[in-house]
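Every read-out reported here was derived from the displayed coordinates using simple, explicitly stated rules and does not represent laboratory data. Since we're looking at a predicted model, the values are computed, not measured. Please note: Cβ atoms are built from the backbone with ideal geometry, for glycine as well, and neighbour counts cover all protein chains shown.
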């Protein structure tokens, strides 16, 4: 299944961007001024298909839409509620317009993220808490928030990723990932 178009609505709360994929020759070029979101859109695409949903907590956008060659759409929606991390849900709309029930890909509160960050730090010899809100990688001297720590180190320490797709959801295209 080939993607024909990727759209992001309200990127940074402002921009509406669409990338039309050139499937004929297999090369798509994205051109634009600095600061418009070209790199962020590519990072969003990578994070989505790698299952790194925590990445989306730090990107302001409303929707990301993947349109496929058979006119099926996947609509990724970011919802922000007061005092919580954003949640992320995915809905599929078939070419006939039939919409499947949305599935929640990511929804954690800050306390849960902090617990995961502590577990990751305990399983490494190089991560330590240096401030109530920050962690340090002693190898590089870089500081990270708990969210950044979980995003950057989750797969490195063998902590199971439990923000993937539920197994009991009727979502036909997921088998093609």
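How would the stretch 1-55 be classified by its alpha-carbon gyration tensor: rounded, prolate or oblate, with rounded meaning a/c under 1.5 and the a/b versus b/c comparison settling the rest? Cα axes put the stretch 1-55 in the oblate bin. Site pair residue 49 and residue 80 shows an inter-label distance of 2.7 nm when each label is modelled 7 Å from Cα along Cα→Cβ. Subtracting the Cα-Cα distance of residue 25 and residue 100 from their residue separation scaled by 0.36 nm leaves 23.8 nm. Working ranking of peptides 121-131, 7-17 by packing, defined as the average number of other Cβ atoms within 10 Å per residue, highest first, is 7-17, 121-131. Straightening the chain between residue 109 and residue 1 buys 35.4 nm, computed as 0.36 nm per residue apart minus the Cα-Cα spacing. Ranked for footprinting exposure by Cβ neighbours inside 10 Å, fewest first, 133, 38 give 133, 38. Gain on full extension, evaluated as 0.36 nm per residue between residue 139 and residue 122 minus their Cα-Cα distance, stands at 4.6 nm. Using a ≥ b ≥ c from the Cα gyration tensor of the stretch 3-107 (square roots of the eigenvalues), is it rounded, prolate or oblate, where a/c under 1.5 gives rounded and otherwise the larger of a/b and b/c decides, a/b for prolate? Because a/c hits 1.5 or more and a/b fails to exceed b/c, the stretch 3-107 counts as oblate.
Packing here is the average count of other Cβ atoms within 10 Å per residue, and on that basis the peptides 62-69, 144-151, highest first, run 144-151, 62-69.
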